[in-house]
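Have a look at the structure below, then the notes.
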Amino acid sequence: MITQAMILAAGRGTRLQPLTLETPKPLVEVGGQPLIVWHIKALKAAGISNITINVSWLADKLMAQLGDGSEFGVNLKWSVEQEPLETAGGIFNALETGQLKHEPFILVNSDIWTSYDLTQLVDYELGPDQLAHLIMIDNPQHNDGGDFAINNGLAATQAIAGGDKYTFAGISVMSPRIAEGLVQGQSAPLAPILKKAMIKFQVTASVITDNWIDVGTPERLQQINEYLAQKGTGGHLGAPSAGLS
């Protein structure tokens, strides 16, 4: 059983400027509450109370607003990066500083919104040589070429015999070994590491059909807010009205 999660929240949110010049992107409001709070509450509902958040840009504002997580019934640990270390570098830093235990964890990008129930990942067990399990979606308009293929349940850089590629949803289960070989303070993206692991058949993936959006531009921020205003939250476990007990 997975007992911890990490939310990636260290980016500058340049595509959302000028909104993010003074507001950290994870605190941008979606459906009446900060975007990152949807993830915190959804993780809590899934039984995950130990949550690590990496921060850099406007870190003080983010930490001041969310604090230790007690408001949400969780334990928030802050992995502070003086300069953004990108995804893999951020994971390594959180592991090295003890903000993240050397155990499998759920990894969530802070700048997405989805109706996907994270409870489905809590009992996921990585195999002995497996480094990651990726959640994928059908390609949105802004990424119509996709990121990775899925061949017999394994994530791959290329599809077999004209198969489809899918978009990585920014949700995954990760082994702490995913960051092996990095050094403290090294800035390193995750994608090249995942691609190398895919060649060794160490990454699995599955496709979901839940609502999902990358809240990375003013247009998509408006889109998700209009959607929630019209359709409601549909019982989302991270919704503003969701219980926090």
### Query
HN-Hα J couplings of the range 76-86 from phi, Karplus 6.51/-1.76/1.60, θ = phi - 60°, integer Hz, Gly and Pro as x?
8, 10, 9, 9, 8, 10, 4, 10, x, 9, 6
### Message
Per residue of the range 218-235, what does 6.51 cos²θ - 1.76 cosθ + 1.60 with θ = phi - 60° give for ³J(HN,Hα)? Whole Hz please, x for Gly and Pro, Karplus curve as stated.
### Response
x, 5, 6, 5, 5, 4, 6, 5, 5, 4, 5, 5, 8, 9, x, 8, x, x
### Summary
Here the Cα Rg-to-2.2 N^0.38 Å ratio for the range 113-245 is 1.18
## Note on the structure
Any residue on another chain or 5+ positions along whose placed amide H is under 5 Å from the amide H of Leu190 is listed here as Thr87, Ala88
### Message
With Rg and Dmax of the Cα atoms in Å as the read-out, I listed (1) 17.1, 51; (2) 21.0, 68; (3) 21.9, 70; which label goes with the value calculated from this structure?
### Response
(1)
### Query
Under 12 Å from the 7 Å Cα→Cβ point of Asp164, by amide nitrogen: which residues of the range 119-147?
136-140, 146
### Message
Between His142 and Thr3, what is the label-point separation in nm under the 7 Å Cα-to-beta-carbon projection?
### Response
3.8
### Query
Residues in the range 1-19 near a label at Asp129, defined as backbone nitrogen under 11 Å from the 7 Å Cα→Cβ point?
none
### Query
Once both labels are modelled 7 Å past Cα along the beta-carbon direction, what's the Glu83-Glu22 spacing in nm?
2.8
### Query
What translational diffusion coefficient, in µm²/s and rounded to a whole number, does the Stokes-Einstein relation yield for the range 60-134 at 10 °C and a viscosity of 1.306 mPa s, taking the hydrodynamic radius as the Kirkwood radius over Cα pairs?
108
### Message
So for each of 6-12, 98-104 I average, over its residues, the number of other beta carbons within 10 Å; can you give me the resulting order with the highest mean first?
### Response
6-12, 98-104
### For a label point 7 Å along the Cα-to-beta-carbon line of Gln120, residues of the range 158-175 with backbone N under 18 Å
166-174
### Query
Kirkwood Rh, the range 16-153, all Cα pairs: how many Å?
16.6
### Task
Report the charge-dipole magnitude of the range 101-245 in Debye, nearest 20, computed about the Cα centre from +1 at each Lys and Arg Cβ and -1 at each Asp and Glu Cβ.
320
### Message
Cross-link candidates for Lys231: which aspartates and glutamates have Cα within less than 15 Å, leaving aside residues fewer than 8 places away along the same chain?
### Response
Asp210
### Message
Please list, ordered by chain and number, the residues whose modelled amide H lies under 5 Å from the amide H of Val30; skip anything fewer than 5 residues away on the same chain.
### Response
Leu35
### Message
Filter Lys101/Lys196; Lys61/Lys165; Lys77/Lys165; Lys61/Lys195; Lys44/Lys200; Lys41/Lys200 down to the pairs with a C-alpha to C-alpha distance above 32 Å, please.
### Response
Lys61/Lys165; Lys77/Lys165; Lys61/Lys195; Lys44/Lys200; Lys41/Lys200
### Query
What is the packing order of peptides 45-56, 145-156, 77-88, taking the mean over residues of other C-beta atoms within 10 Å and listing the highest first?
45-56, 77-88, 145-156
### Task
Sticking with the crude label model, points 7 Å out along Cα→Cβ, report the distance from Gln230 to Gln65 in nm, one decimal please.
2.6
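Bear in mind these aren't lab numbers, they're just calculated from the coordinates by the rules spelled out. Keep in mind it's a predicted model, so treat the numbers as computed, not measured. With ideal geometry, Cβ positions are generated from the backbone for all residues, glycine too; neighbour counts draw on all protein chains shown.
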